Amino acid sequence: MQKKSDNSFYLPSMLLKDRYINPFTDFGFKKIFGSEVNKDLLIAFLNTLLPAEAGIVADLSFLPNEQVGRSEYDRRAIFDLYCENEKGEKFIVEMQRAKQNYFKDRSIFYATFPIQQQAQSGSWNFCLKAVYMVGILDFVFDEDKVDNNVVHHEVKLIDRSTGAVFYDKLTFIYLELPKFTKTIDELSTDFDKWCFLLRHLPELTNRPDRLQEKVFLKVFELAEIARYSSVEAEAYEESLKIYRDLKNVVDTAYDEGKADGKAEGKAEGIQQKALDVAKRLEDAGFDIETISNCTGLSFAVVEGL
């Protein structure tokens, strides 16, 4: 930060280029969706994603985002956001900023925590509350690249012989936002508007006519960098730097690793690229959990670098 003689502060020059924050940064995501006072935004967003049978979320309570297994030997999980609605149903919301080899596996693992936490001692009929895992993705799953039309994926356990839903209380929702290509003039639903805003917020210089509803105007107010104190602006700048470094390093290495692995006909190319990325992230000061989540490597491998 540069300090002026009157004890006020200049915003970093890099930030002055953007009017609004990037919601894929940790700072931006938590600023918009992660506070009790602004939980109406998260409620509005979730209500555009949930299946009709889930009903409408009227209220949410934030729960601790760090979850520990049932014994000292179990793995832990750190969610971006973890919430409970008025019916006791649980919502895990993850903003995935860079490709990860095993993000679907991680989603399944994360969903086990709110399921196990419902266990009751003594006689219990095993009736569970619904669990929703929401992944907001800044990338496209490799297996979905051939289909650019599906942005919103809703995944449940089904009976393959009948196509019927086998269990309706466990739902995985993924948004592949790079696939969302509608222009501002093509936005017709609240879902469209949320997708557009999440993908294009940092590029906007004004508040488009199509986004004048109260909920979106509140997002614009929270996201406007000029409103931030020098401390908030600096925190955002650091969060943006981490987002860019992480995304560039991981996405590039992931693509190169996939290419190398295909050329060699082996998995070693991908594994070696993951190790190379992990070492670079470690040198850049990223923690073990972040490195593991982004590369798909185990904690033990990362710790041994």
Legend entry - Candidates Asn85, Asn7, Asn22, filtered to the one that is modelled with pLDDT of 95 or more, over 24 Å from Cys127 (Cα atoms) and among the polar types (S, T, N, Q): Asn22
Inset, instruction - Would you be able to say whether some residue in region 110-127 is of a type in the set (Val, Ile, Thr) and either assigned to a loop (DSSP other than H, G, I, E, B) or assigned by TED's automatic domain parsing to the domain that holds Thr295 (or both)? - result: no
Inset, instruction - Answer yes or no as to whether Ala253 is outside the structural domain of Gln100 (by TED's automatic domain parsing), surrounded by fewer than 16 Cβ atoms within 10 Å (Cβ to Cβ), modelled with pLDDT under 85 and not aromatic (Phe, Trp, Tyr). - result: no
Legend entry - Residues located in region 268-305, provided they are exposed (fewer than 13 other Cβ atoms within 10 Å of the Cβ), more than 19 Å from Glu238 (Cα to Cα) and at pLDDT below 75: Glu268
Legend entry - Of the criteria (1) of a type in the set (Phe, Trp, Tyr); (2) surrounded by 21 or more Cβ atoms within 10 Å (Cβ to Cβ); (3) farther than 23 Å from Pro23 by Cα, which one Tyr82 fails: (3)
Legend entry - Failed item, numbered, when Tyr110 is tested on (1) at pLDDT below 95; (2) farther than 29 Å from Val150 by Cα: (2)
Inset, instruction - Quick one: count up the residues across region 212-234 that are of a type in the set (Gly, Ala, Ser) and within 30 Å of Thr48 (Cα to Cα). - result: 2
Inset, instruction - Please work out if Lys258 is among the charged types (D, E, K, R) and either modelled with pLDDT under 70 or in the same structural domain as Glu143 (by TED's automatic domain parsing) (or both). - result: yes
Legend entry - The one condition in (1) of a type outside the set (Gly, Ala, Ser); (2) crowded, with 20+ Cβ neighbours inside 10 Å; (3) under 22 Å from Leu201 (Cβ atoms); (4) in contact with a Leu (Cβ under 7 Å, 6 or more places away or on another chain) that Val57 fails to fulfil: (3)
Inset, instruction - Name, by its number, the condition in (1) farther than 22 Å from Ser239 by Cβ; (2) surrounded by fewer than 16 Cβ atoms within 10 Å (Cβ to Cβ) that does not hold for Glu203. - result: (1)
Inset, instruction - Considering each residue of region 181-198, count those that are surrounded by 14 or more Cβ atoms within 10 Å (Cβ to Cβ) and touching a Lys or Arg at 6+ places or on another chain (Cβ under 9 Å), and give that number. - result: 6
Legend entry - Filtered residue count, region 147-175, keeping only those that are touching a Leu at 6+ places or on another chain (Cβ under 9 Å) and hydroxyl-bearing (Ser, Thr, Tyr): 3
Inset, instruction - Test Glu238 against the stated conditions and say whether it is more than 21 Å from Ser298 (Cα to Cα), of a type outside the set (A, V, I, L, M), at pLDDT 80 or above and assigned by TED's automatic domain parsing to the domain that holds Thr295. - result: yes
Inset, instruction - Output the number of the condition that Gln100 fails; it satisfies all remaining conditions of (1) more than 30 Å from Asn248 (Cα to Cα); (2) at pLDDT below 95; (3) polar (S, T, N, Q). - result: (1)
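The values are calculated or read from the model by the stated rules, or taken from the named source; none is laboratory data. Note that the structure is predicted; figures quoted are calculated from it, not measured. Glycine also receives a Cβ, built like all others from the backbone with ideal geometry; neighbour counts cover every protein chain displayed.
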